[in-house]
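Nothing in this text is a laboratory measurement; each read-out follows from the coordinates by a stated rule. Please read these numbers as outputs of a predicted model, since none were measured by experiment.
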Amino acid sequence: MVPLLVFYLHIVAVAAAFTREWQSGGVGEGILAVFFVALNFFVGWSITSFLLKLVISQTGLGGGFDRDALALILLTLAEGVFYTLFLHNRRTQNPAVN
């Protein structure tokens, strides 16, 4: 259940990134934003899965929080921090982009 929620959250993030960049820079910018989010997701998922494999067993915390679910949660938290810092930095440099 946790991975499903994380995937839905990423679908919403992709739609938001596409819409934001499409409005400010056109369709090409929107498509680049989608590829950027997808690249971050797949590379980040690989890295977090590898790191958690070194620390946590496959069963994880039990229940719905196995190692894969924990990797996706860690990835989502890291992406949230990254995108918040990235977009905040971008807004302060160019106030016209909201």
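Percent relative contact order of the chain, based on C-alpha pairs within less than 8 angstrom and at least six residues apart?
For the chain, the relative contact order is 25 percent.
For the chain, set up a GNM with springs between Cα atoms under 10 Å and report which of 19, 48, 59 has the largest fluctuation.
In this elastic network of the chain, the residue with the biggest mean-square fluctuation among 19, 48, 59 is 59.
Working from Cα positions, state the angle (0 to 90°, nearest 10) between the long axis of helix 2-25 and the longest principal axis of the chain.
Roughly 10 degrees between the two axes.
Which whole-Hz ³J(HN,Hα) couplings does the range 62-76 yield from phi under the Karplus relation 6.51 cos²θ - 1.76 cosθ + 1.60, θ = phi - 60°, glycine and proline marked x?
x, x, x, 10, 7, 4, 5, 5, 5, 5, 5, 5, 4, 4, 5
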